[in-house]
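Below is one structure, written out as structure tokens; the observations come after it.
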Amino acid sequence: MKGFTEELRPAPQTDECGQEQERGGISRRNFMKGVGVAVGAAVAAGSLAACTPSGSGTGTGTGSGGSGAGAGASNDGLIAAARLNPQDYDYRQNTTDFKTLFSPLKIGSIETSHRMIKSAAGSAAYLAGPTDELLEYYVNFAKGGVEFIWVENIPFFEDSLDYVTMQPLPVTAEGLAFAGKLVEECGKYGAKLGYQWAPFGMPVGEMPKEQFLATQDAGVKIAKDLQAQGFVALEINAAGFNQGEQFLSRFHNTRTDEYGGSLENRARFVTECIQKIKTACGDDFVVQLLIDCIEENDNLTNDATLMTLDNAVTEPHNKVTTIEEGIAFAKLFEEAGGDSMHLRLGPLGNHPCQFGSDLYFILNGIEGATGYGTQWDFSRHWQGQLIGNHSGAGMLIDIIGRYKEAVSIPCGTVTYMDPAHAPDYFEKALADGKVDFFIMNRPLTVDTEYVNKLREGRIDEIAPCTRCLHCHIGGNPDNRRDGYCRVNALTQRVMSGVPGTPTTYELPPAAAPKKVMVIGGGPGGMEAARIAAARGHAVTLYEKSGALGGLLSFASMVKGPHENLDDLSAYLERQLELNGVTVELNKEVDAAFIGTEGPDAVILATGGLRDELSVSGNGSVQVVDFDSFMTTEVGESVVIYGSNAQAFDCALWFTVHNKRVNIVTPSPNAELDKQQSQHAMRFMTTALYSLGVKVWPGSSIESVGEGNITVATGEGTKVVITCDAIISGAELKPNKSLLDGISVAEAYAVGDCNEPYNIALAIRGGNDAGRAV
């Protein structure tokens, strides 16, 4: 029996898909040929495997344990799901002067000099109480040029409930005093504050009238309390799963009194809230309405059980709020005294897609995936009204235009409203009168100086949001514990009290300039270099290849344009220029060179080592290195070895290219795709499983035969799988040996060479090292 082993070898700066050097001869155009071309037959969403056009074979089994993509391919080599929602990425032109974006906006009594507003998305910073951490979080947006900020739901700003003890928590004088301090500090930079009121939705069918009238009164009290502290507006969140939506919805609202039935009756709870707040606070106190401007049912099973009648399974699908209903509601809210509309998408099940709807585009080649193993057809679903061909950017703009034609109050919208990402596109939406303002969170969180930089023409200095959704986990306690930003290493870390985290947003200047050597030009190394140089150190970065960015370019090829990884690389490279970092390309550093240069500090960022894959057998199955899988002929049946995000991205790529894919990993089920964000993980796994990809957790490749492999499963069985090629996506190991043979005063290892994981933690490690040196 002849065995073969993949030698332990460097895999520099790897992230979800690796990060070190660009691969020659690969372009997005030639590896995903055909994705951007519209096809004649669009298929309505169902299971992803059902998206096979007439005449395309669905594929057959691949032998014992075989698995397939489950959808046929045309002669472009891609599965049908890849052709359902073709993308046009040519929408990012930058020829505008942003004349409309930086024109005055008036919402009731509030006036701003531009049209970018911070949304009330949660930061989780409030969990520590009324602290400097929460204060600085919001003040930074004001410093960066945001002139109107919606503040998230904060328990100590209002009477609330302790969801652990279920005891009431009355608002405190300390909490309201902090609200006043927040207004004062943000006001120093010209920013005004509003507060989002989001009473959680309880079933309204049998709810006593006294109960929801008390809810209305609670909203009035919040408005009055915060107005007394200097807040100028309240946003009623009547979208998603909140109380207002329960009344507006034809599905949820089954009442037969004056609060149910007709449009006017279903809107009554919200219109009365508006009227009561206006009466209590005056006409100058702004009331904004947040609603689902269009709904669609993504969870077609409606969580059915054996006892669910068939007509009840699909009932929500037929009772979603249409654009026309939403417009009728908006008219009623305007008549009641509402000052503006915040309009967002309304999928019934997947809450993150209500405000982060660009998640539908996170899977390269399966755009429109719902997170339920199904796929939207954007030409049919959502009344065919979404802009579904620009990777989720501005996808609601056309629908908002319809609202604006019907009401006279300003209308804004959310979901990746990022003028720096596509300047002409977003400026035109404003100039054409389709939308009045953009409600933003992720772009502003990634770079709190976003507005000022854009106003000053420094668009190349804006840190890009890469739309990974690591910033949102679920509930705020989860966000506090596990949430972070891939690009901004300070987000949810500064002043958090966690050992080793930064204590201030400001960079402390170096006490004495040092000669710093950074080895490795991937994102972790570039971040370390820019931070150390910004503090005043003399920094030289050495990269053994001929280009910076590491394997970000390769990762971008695999993941596609959606995550803006090319933008991230360009941003970091520009930061090196601005901060005076000396860059030496095509230079591999060894201990002797370090000794010759004599640096005061070394920061190692050379990436990890791919773990060894060793199996027995004399078969013909080839083993392919991870970083060359896109350019290697692999046959029809592929086994991915490994369970990290790289392995899953690789599995998606092969699935989209109509290969039959199995994933074999020694890791347990709980660790599958763990380097991705929670939301990306859900979209990835449900889509792949729907398309027939089989994962074998807790398993190993026991042997290789002729055109097959034998898998030893975690259950003690052996399964033979048809296989033409094994792609090694095994876990990475640290790679710090270079530091063992050198003598320097300070030495740091960051990113995968220290603790392999993902892009975000590589950048975090680089930021921390740059601050520490």
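Summary of computed values
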| item | result |
| --- | --- |
| Residues (among the hydroxyl-bearing types (Ser, Thr, Tyr), in a loop (DSSP other than H, G, I, E, B), within 14 Å of residue 147 (Cα to Cα) and touching a Lys or Arg at 6+ places or on another chain (Cβ under 9 Å)) located in segment 98-112 | 103 |
| Segment 575-630: number of residues that are of a type in the set (Lys, Arg) and over 14 Å from residue 518 (Cα atoms) | 1 |
| Residue within segment 349-362 that is open to solvent by 10 Å² or more (accessible area, probe 1.4 Å), farther than 18 Å from residue 472 by Cα and either modelled with pLDDT of 95 or more or more than 21 Å from the chain's Cα centre (by Cα) (or both) present | no |
| Elements of type strands (runs of 3 or more DSSP E) contained in segment 568-652, each with 2 or more residues being modelled with pLDDT of 95 or more and more than 15 Å from residue 548 (Cα to Cα) | 601-604, 637-641 |
| From the options 391, 379, residue that is in a loop (DSSP other than H, G, I, E, B), open to solvent by 10 Å² or more (accessible area, probe 1.4 Å) and within 30 Å of residue 559 (Cα to Cα) | 379 |
| Residue 464, sole failed condition from (1) within 22 Å of residue 565 (Cβ to Cβ); (2) open to solvent by less than 10 Å² (accessible area, probe 1.4 Å) | (2) |
| Single residue of 598, 607 found to be open to solvent by 20 Å² or more (accessible area, probe 1.4 Å) and small (Gly, Ala, Ser) | 598 |
| Which listed residue is at pLDDT 95 or above, closer than 26 Å to residue 114 by Cβ and of a type outside the set (Phe, Trp, Tyr), from 216, 229 | 229 |
| Residue ID - farthest from residue 371 (Cα to Cα), chosen from residues in segment 666-698 that are touching a helix residue (DSSP H, G or I) at 6+ places or on another chain (Cβ under 7 Å) and not aliphatic (A, V, I, L, M) | 697 |
| Residue among 444, 396 that alone is at pLDDT 95 or above and either open to solvent by 10 Å² or more (accessible area, probe 1.4 Å) or closer than 17 Å to residue 101 by Cα (or both) | 444 |
| Residue match in segment 518-527 (condition: open to solvent by 50 Å² or more (accessible area, probe 1.4 Å), over 13 Å from residue 771 (Cα atoms) and not acidic (Asp, Glu)) | no |
| Number of positions in segment 209-252 that are more than 32 Å from the chain's Cα centre (by Cα), assigned to a helix (DSSP H, G or I) and not acidic (Asp, Glu) | 13 |
| Enumeration of residues in segment 653-692 that are open to solvent by less than 10 Å² (accessible area, probe 1.4 Å) and either without any contact (Cβ under 8 Å) to a residue 12 or more places away in the chain or under 29 Å from residue 75 (Cβ atoms) (or both) | 654, 655, 656, 661, 662, 663, 683, 684, 687, 688, 691 |
| Odd one out for residue 300 among (1) surrounded by 18 or more Cβ atoms within 10 Å (Cβ to Cβ); (2) assigned to a loop (DSSP other than H, G, I, E, B); (3) free of Cβ contacts under 8 Å to residues at least 60 places away in the same chain | (3) |
| Among the residues listed as 262, 249, the single one being of a type in the set (Gly, Ala, Ser) and either over 21 Å from residue 330 (Cα atoms) or open to solvent by less than 10 Å² (accessible area, probe 1.4 Å) (or both) | 249 |
| Of residues in segment 303-322 being open to solvent by 50 Å² or more (accessible area, probe 1.4 Å) and either touching a residue at least 24 places away in the same chain (Cβ under 8 Å) or in contact with a Cys (Cβ under 6 Å, 6 or more places away or on another chain) (or both), the one farthest from residue 412 (Cα to Cα) | 315 |
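The values are calculated or read from the model by the stated rules, or taken from the named source; none is laboratory data. Please read these numbers as outputs of a predicted model, since none were measured by experiment. Every residue, glycine as well, gets a Cβ built from its backbone with ideal geometry; the counts of neighbours run over all protein chains shown. The area values use the complete protein model at the heavy-atom level, side chains included, leaving out ligands, DNA and RNA. Shrake-Rupley method; radii C 1.70, N 1.55, O 1.52, S 1.80 Å.
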